[in-house]
Amino acid sequence: MRKNIVFTLLIAILWSCSDLKTERTRPELRFNEDGTFTIMQLTDLHYNNESERSWPIPEQVQNLVKAENPDLVILTGDIVTSGDPAEGWKAIGDMMAKAGVPYAVTIGNHDPEITSREFIFDYLETQPLFVGEKGPEHLKGMGTYALEILASDGSDKARSIIYCMDSNDYHIGYETNRPYAWIEWDKIAWYRNLSRSYTEANGGKPLPSLAFFHIPPKEFKEAWDKCYRGDKD
């Protein structure tokens, strides 16, 4: 009987300790004392752990980070696109850990071809220098979130906002040529609402912001096609 009581007590203690777990603490992003904040964007690494062509990438990225000394690195899609996805993303995580810089990730059109978005972000959320998140569940895809760049004076006041968005992969309904997808209206509404709330919190003055995603808006493609045809209107 006494053993049962001790065993029950042990379970209760373990259960209460599990309730004390908090959300992952992300690295703080803050302007430097001189007012600067440097962002390095890396895109289309197309890493394949089984290909010799990819093996130099981690060292090259670490050299870039050492040379430029950014405050944040943003990987904007098509990061691990072939080979073993688990080993590939582990190589990316190790690469950024050795670089020693906070980083964010947005998904490209090729990343989900070898694994799921959930697999990617489940792994990334175990990495201490990753500052992103899965984002709102009601939005299509995964990895749509905002990052606050705080004031250099040590306060918790946001001075700039970085919006990271999942631009999806391919447009549904075109099985032949599979045209690239684009950011839908629900994500645009999410951005507008969040931007408005930041503006209101800043006394009605919009905060300087940047957006990062993989596939350009379809208006960009329309403008490109017009220029390619020589249509200047």
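The values are calculated or read from the model by the stated rules, or taken from the named source; none is laboratory data. Computed from a prediction, not measured in an experiment: that's the story for all the values here. No Cβ is skipped: glycine too gets one built from the backbone with ideal geometry, and neighbour counts run over all protein chains shown. These accessible areas exclude ligands, DNA and RNA; they are computed on the full protein's heavy atoms, side chains included. Shrake-Rupley method; radii C 1.70, N 1.55, O 1.52, S 1.80 Å.
Key figures for this structure:
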item	result
Residue list for region 84-132, restricted to those being part of a helix (DSSP H, G or I), surrounded by fewer than 17 Cβ atoms within 10 Å (Cβ to Cβ) and more than 15 Å from the chain's Cα centre (by Cα)	Ala86, Glu87, Lys90, Asp94, Ala97, Lys98, Glu113
Residue in region 64-83 that is of a type outside the set (Lys, Arg), over 23 Å from Gly141 (Cα atoms) and without any contact (Cβ under 8 Å) to a residue 24 or more places away in the chain present	yes
Set Ser197, Ser152: member being at pLDDT 95 or above, surrounded by 14 or more Cβ atoms within 10 Å (Cβ to Cβ) and either over 21 Å from the mean Cα position of the chain (by Cα) or assigned to a loop (DSSP other than H, G, I, E, B) (or both)	Ser152
Of all residues making up region 211-226, the number that are open to solvent by 50 Å² or more (accessible area, probe 1.4 Å), within 20 Å of Met142 (Cα to Cα) and of a type in the set (Phe, Trp, Tyr)	1
Residue match in region 40-55 (condition: at pLDDT 95 or above, within 22 Å of Arg159 (Cα to Cα) and either in contact with a strand residue (DSSP E or B) (Cβ under 6 Å, 6 or more places away or on another chain) or aliphatic (A, V, I, L, M) (or both))	yes
Flag for Ala181 being small (Gly, Ala, Ser) and at pLDDT below 95	yes
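Results for (1) open to solvent by 50 Å² or more (accessible area, probe 1.4 Å); (2) under 13 Å from the mean Cα position of the chain (by Cα); (3) touching a residue at least 60 places away in the same chain (Cβ under 8 Å), shown as yes or no for each residue.
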residue	(1), (2), (3)
Lys134	yes, yes, no
Tyr145	no, yes, no
Ile183	no, no, no
Tyr191	yes, no, no
Gly204	yes, no, no
Ser209	yes, no, no
